Amino acid sequence: MPAPTPAPASVAPQPLTRGHKKRERTRLGLVDAARRLIARKELGEIALLEVAAEAQVSNGTIYNYFRTRDEVLEAVGIAMATEFSDAISTLSAGVHSGAQRLCIGVRMFIGRAIDDPTWASALLRILHFGQAMRSRLAAHVLDDLREGRREGTFAFEDESIALDLVLSCTTGAMRAVVEGRRVAGHDVLVAEMILKALGVAPAKARKIASLPLPVIAVVDQGPGTPRD
């Protein structure tokens, strides 16, 4: 009987070549250019070749990465969702309370709007367009809602309504910031009101919402107006 053929050895991932790195830089440049345009214009007004011009690449180059405007917008949505989902996960490491994690996320988004209104404008414009981004954000919020209910802090009847409440209040607060309607302690006040709407007693909601944000220095929020 012939000897069994040895299983192939696992192949280590190959490092990115210079060409791959350049291609990724170009793609990221196009996504960033689209993000800037989204902050300034309505989605329907943005043309694919306009993204190329904003990124200062040739018209032919952009078609090597995206075929339609919708593909660009989806890429922007995924990039923004990934960026902040990762930041929230980092900030929430070691936090076991679903209610506290929820507050960290809410306050981070509002705080980012204060520090970087251009970023917030782009997110608000694309939020209702990018299904991938909505799904990514919703997954994190749902985890916190479910944990908060398991631990007895939240008392809501319908999960989908609770999710809508959190997302709508948070994006509404961000819009208020972008439009110049924020008040002192805007992020804490919104987080506190969300907790109370989810069934948390007023005193406890105030205490949880006012907890310091952990290791906030790890988040690159960019230049902007300091928070209240």
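Quick rundown of the values:
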read-out	value
Computed over the stretch 169-212: relative contact order in percent, which uses C-alpha pairs under 8 Å that are six or more apart	34
Neighbourhood charge, 11 Å Cβ-Cβ cut-off, centred on residue 104 and excluding it, Lys, Arg +1 and Asp, Glu -1	0
Alpha-carbon gyration tensor eigenvalues x 5, square-rooted, for the stretch 73-218, Å	22, 17, 15
Estimated vicinal HN-Hα couplings, Hz - the stretch 34-42 in sequence order (Karplus 6.51, -1.76, 1.60; Gly, Pro = x)	4, 4, 5, 5, 4, 5, 9, 10, 5
Phi-based couplings in Hz for the stretch 152-159 (Karplus 6.51, -1.76, 1.60; Gly and Pro marked x)	x, 7, 9, 9, 10, 8, 10, 5
14 Å beta-carbon shell around residue 203, net charge (K/R +1, D/E -1)	+3
Under 17 Å from residue 22, Cα to Cα: aspartates and glutamates that are on another chain or at least 8 residues apart	32
Cβ-defined net charge surrounding residue 145, 14 Å radius [Lys, Arg +1; Asp, Glu -1]	-4
Whole-Hz ³J(HN,Hα) from phi, Karplus 6.51 cos²θ - 1.76 cosθ + 1.60, for the stretch 88-104, glycine and proline x	5, 4, 5, 5, 8, 4, x, 8, 9, 7, x, 5, 5, 4, 4, 5, 4
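None of the figures in this text is laboratory data; all of them are computed from the coordinates on show. This one's a predicted model, so the numbers in the text were calculated from it and none came from an experiment. We place every Cβ from the backbone using ideal geometry, glycine too, and count neighbours over all the protein chains shown.
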